[in-house]
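The values are calculated or read from the model by the stated rules, or taken from the named source; none is laboratory data. Since the structure is predicted, the reported quantities are computational estimates derived from the model, not experimental observations. In this analysis, Cβ positions are derived from the backbone assuming ideal geometry, glycine residues included, and neighbour counts consider all displayed protein chains.
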Amino acid sequence: MGKWGERAAARHLRASGYRVLYRNFRARGGGEVDLVCRDRRESALVFVEVKTRRSERFGRPVEAVDEAKRRLITKGAMAWLRLLDNPDVPFRFDVVEVLAEDPVKIEIVRSAFTLPSPTIY
């Protein structure tokens with residue numbers, strides 16, 4: 001179900017003005033990002049976590065992005081930024097909630113969390 005949710009999220013992001021640059025980025029030293037995107041409207045790099053659920057019975061999907069998950073995503077994002085020639089690009093962390101109901105509901109939670117400070121990449 002997770003892979004299905006990521007594909008649905010990628011389609012929704014593209015329709016919302018994002019360009020998907022990479023899927024399932026895994027950093028060598030640990031860290032992971034479901035989707036690395038560019039928000040064309042803001043020229044911002046966006047690190048996206050996709051959370052897919054069958055319903056909101058146990059809360060919103062975004063609530064599953066706890067501190068440990070945020071650290072993992074942040075670590076992956078910092079590794080991606082180190083790969084760039086010019087790391088001084090605006091970036092943010094979004095979460096895409098995918099509810100596999102009938103009909104399917106997809107919501108982008110923009111700037112779902114921020115970097116802990118200090119953070120070095």
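In this structure, is V20 touching a residue at least 24 places away in the same chain (Cβ under 8 Å) and aliphatic (A, V, I, L, M)?
When the stated conditions are applied, V20 does not pass them.
What residue, among those in region 59-77 that are closer than 18 Å to C37 by Cβ and either more than 13 Å from the chain's Cα centre (by Cα) or β-branched (V, I, T) (or both), is surrounded by the fewest Cβ atoms within 10 Å (Cβ to Cβ)?
Per the criteria, the residue is V62.
Give the residues of region 96-112 that are of a type in the set (G, A, S) and touching a residue at least 24 places away in the same chain (Cβ under 8 Å), sorted by residue number.
A100, A112
Among the residues of region 48-95, write down those that are outside any loop (DSSP other than H, G, I, E, B), in contact (Cβ under 8 Å) with a residue 24 or more places away in the chain, more than 15 Å from S111 (Cα to Cα) and among the small types (G, A, S).
Selection gives G76, A79.
In region 92-107, which residue that is among the aliphatic types (A, V, I, L, M) and buried (at least 17 other Cβ atoms within 10 Å of the Cβ) is modelled with the lowest pLDDT?
Taking the candidates together, the pick is L99.
If I go through region 21-47 residue by residue, how many of them are in a strand (DSSP E or B) and either modelled with pLDDT of 95 or more or surrounded by 18 or more Cβ atoms within 10 Å (Cβ to Cβ) (or both)? Outline the logic, then answer.
Start the filter on region 21-47 by keeping residues that are in a strand (DSSP E or B), which leaves 21-26, 32-39, 44-47.
Add one more test, that the residue is either modelled with pLDDT of 95 or more or surrounded by 18 or more Cβ atoms within 10 Å (Cβ to Cβ) (or both), and what stays is 21-26, 32-39, 45-47.
Total satisfying the criteria: 17.
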